[in-house]
Amino acid sequence: MPALRSQCICRLPYADDGLGGSQTLPSSAVIDFRAAAVALRGSSNQCLPAITRTSIVRVMAHITAGVEYGLHCLLWLTSSPGAPLSSRDLADFQGISPSFVAKVFPKLEKAGIVTASEGIKGGYLLAKQPQDITVLEVVDAIEGRKPLFDCQEIRSRCAVYRDRPPSWATKGVCAIHAVMLRAEKAMRDSLASQTLADIAGDLARKAPPAFSDDVRKWLVDRARTRTRGPAAEDGALP
């Protein structure tokens, strides 16, 4: 089924991870979604619906993994008021890279979202109440204020203009750019309307009561272990 296969291939350009590193994704990598569908469904007769394809591979996400990691870490800080959590503990708790998380927290601290304390008992605390921390603040703190779309003003390069585009062609904002600006505003407005408290509330409604107890026990046990161990284990820093 050549036609089906061609519809299930996506070429991915090289992507930055947003934290000074890069994803292990080669230039112009080809992902065969039909092969992935076979692996997931055990059948070669169907291809995954388009809406589920990003479940297999993240295609040039505008918001990088750093934001995802940061929000997850902040979420657990909401359940530990008054007790600092180290970046290493937060990383181990979630099964993510400690070095990656260590790059995220200085940005959150600089933005006034968390405060840090040093020493073997040190770590991070929220700098303000969860309801006062919007998702947009976290995104901007980690990603920086970057545009959704970088208009290249292609409208001025039409061959019939012979390098001298008429004024009407470049008047005002590019129509395509205008669409992207409206989309960016809608996205930012939506992110600004959601807070860390909203996310924590969604989790609390979904998780069984015993889960919160398990989380607190894990964090308390880890804190005790950390205070008993050598300071060098966690660099004596958050």
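FRET efficiency for Thr225 and Ala111, Cβ-Cβ distance as r, R0 = 35 Å, nearest 0.05?
After rounding, the FRET efficiency stands at 0.70.
Using the crude model of +1 on Lys and Arg Cβ and -1 on Asp and Glu Cβ, and no other charge, please compute the dipole size for the stretch 96-238 relative to its Cα centre, in debye to 20.
Its charge dipole is roughly 340 debye.
Quick one: if you stick a label point 7 Å off each Cα along the C-beta vector at Arg205 and Ser190, how many nm between them?
1.8 nm
Once you list every other residue whose beta carbon is under 15 Å from the beta carbon of Ala204, what net charge do they have if Lys and Arg are +1 and Asp and Glu are -1?
-1
Read the figures in this text as sums done on the coordinates, not as results from a lab. Fair warning: this is a prediction, and the values are worked out from it, not measured in the lab. All Cβ positions, glycine included, derive from the backbone under ideal geometry; neighbour counts span all protein chains shown.
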